[in-house]
Number of protein chains: 2
Amino acid sequence: MSKQGDGCCEPLSEQPLAAEQAAEMAAVFKALGDPVRLRLLSLIASGPGGEVCVCELTPAFELSQPTISHHLKLLRQAGLVDSERRGTWVYYRVRPETTDRMAVLLAGVGGVRAAA
Amino acid sequence: MSKQGDGCCEPLSEQPLAAEQAAEMAAVFKALGDPVRLRLLSLIASGPGGEVCVCELTPAFELSQPTISHHLKLLRQAGLVDSERRGTWVYYRVRPETTDRMAVLLAGVGGVRAAA
């Protein structure tokens, strides 16, 4: 089992990724690999106070409410967002620990070991 | 058309991502959204001199050479790696401008706008 601390994970260039860790990370990238989900994540991340009501997300797309809900579910399953029901509406916020892990994985990949 | 400078792209939290930019970025994340491709990218990124011969990549997996070639092609099409033939073998290296863009997009997404 891989350990996942808060600031866990080295850049991809540090050492070859183990199969188990690769599977875990690939699942998150797969969730990011869709334009609608990426726009949803961006809308949520840029919302005031870092959160957005689902009632504001749906009108931003020319898609049905169930379709948006499905994409939000995939983002949640990937650990990219959290949701909380308050009264009538569900509010979404980004889980920074996940986006940070992915950023660290990709950061500095190429520059570190340039060819001589 | 979006402009892509070297250090282009703001974090997802800066402002909602435009549809066109989201499509472009999602294509790269989709390429990263597979465990074999992520391990290939990590092997390439951690190679000595930042490059790896395809002859070293194939034995690292229990997969056929055409399957590995297919995954490498998808990484190349996404702009994540470059390849160069030298003699008998093809050598791969990471394109840092692409991994850096993706890292910037994800970095600091959550922490910046914590709820009051």
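The values are calculated or read from the model by the stated rules, or taken from the named source; none is laboratory data. Fair warning: this is a prediction, and the values are worked out from it, not measured in the lab. All Cβ positions, even for glycine, are placed from backbone atoms using ideal geometry, and neighbour counts span all protein chains on display.
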Condition first: in a loop (DSSP other than H, G, I, E, B), of a type in the set (Gly, Ala, Ser) and touching a helix residue (DSSP H, G or I) at 6+ places or on another chain (Cβ under 7 Å). Now tell me which residues in the range B:23-51 satisfy that. B:Gly33
Taking the range B:35-49 as the region of interest, how many residues are at the interface with chain A (Cβ under 7 Å from one of its Cβ atoms), crowded, with 19+ Cβ neighbours inside 10 Å and more than 16 Å from B:Gly79 (Cβ to Cβ)? 5
Cβ-Cβ under 7 Å, sequence separation 6+ or interchain: first residue in the range A:7-22 and outside any loop (DSSP other than H, G, I, E, B), partner at pLDDT 90 or above. Which pairs? A:Ala19/B:Pro35; A:Ala19/B:Arg39; A:Ala22/B:Pro35; A:Ala22/B:Leu38; A:Ala22/B:Arg39
Give the residues of the range B:27-50 that are more than 14 Å from the chain's Cα centre (by Cα) and either on the phi < 0 side of the Ramachandran plot or β-branched (Val, Ile, Thr) (or both), sorted by residue number. B:Gly47, B:Pro48
Considering every residue within the range A:83-103, establish whether at least one is in a helix (DSSP H, G or I), more than 11 Å from chain B (Cβ to nearest Cβ), surrounded by fewer than 19 Cβ atoms within 10 Å (Cβ to Cβ) and touching a strand residue (DSSP E or B) at 6+ places or on another chain (Cβ under 6 Å). no
